[in-house]
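The values are calculated or read from the model by the stated rules, or taken from the named source; none is laboratory data. No experiment lies behind these values; they were computed from the predicted model shown. Because the Cβ atoms are built from the backbone with ideal geometry, glycine has one as well, and the counts that use them run over all protein chains shown. Keep in mind that these areas ignore ligands, DNA and RNA; they rest on the heavy atoms of the full protein, side chains included. Shrake-Rupley method; radii C 1.70, N 1.55, O 1.52, S 1.80 Å.
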Amino acid sequence: VKMSSEFEAARNQFEGNIEEAKDALSEVNSVADPREKKQFLSQAKRIMDDCRKNIATMDYMWGRLDPSDKATYKSELAEMKHALETLGKDFSRHESAVRRDLDDDGDLSEIDKLTGNTREKLLGGVNKLNSQDSQLKNVVKDGYEAQAMLREGAKNLRIQRDHIENPMRNNAKAQNELAKADRTIRMIRVREF
């Protein structure tokens, strides 16, 4: 119960943060000065980082929940991740627009432009790596589940094999006994005549 209440608290904090980030992004559209837009973007970025921390906390807590509680929170966690991803796309779109505005004003030096481009590429690479890491973790989890199922299947096959082999052994014994009985009957017939 304590773990689920901690999860609930982290979820409530995430919901508050995501709304603040959305508000900060909407403020970007309400101002004309690119420098002010940049300040709102910085604020939104900071809040989105808090949202990512909330998601990481909830992921950790979700992993420690009882299996009966996990199903309850799995879809909520997926929805929150999707909301953050959507907000991240909006943020990138706004950030690109602000950069274009600043470039048009000539406020950025060449070094700043290169740094910004490099930073964008690095962040894009990090996001791809995080996505691939998540996919690999899911593959590993699926592999472990498949391995457990295969072990259970192998155990069942061993049991079935034993059920098949026991009658085969009994059948072989019965055939040996019948062969001995046939020999004994033949010997008795030979003696009678």
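Here are the numbers for the structure shown:
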| read-out | value |
| --- | --- |
| Restricting the stretch 6-30 to residues that are in contact with a Phe, Trp or Tyr (Cβ under 7 Å, 6 or more places away or on another chain) and farther than 17 Å from Ala56 by Cβ, the residue that is most open to solvent (accessible area, probe 1.4 Å) | Glu27 |
| Of the criteria (1) among the small types (Gly, Ala, Ser); (2) under 25 Å from the mean Cα position of the chain (by Cα); (3) open to solvent by 60 Å² or more (accessible area, probe 1.4 Å); (4) modelled with pLDDT of 80 or more, which one Ala83 fails | (3) |
| Among residues of the stretch 44-75, those that are modelled with pLDDT of 85 or more, among the charged types (D, E, K, R) and over 20 Å from Leu123 (Cβ atoms), counted | 1 |
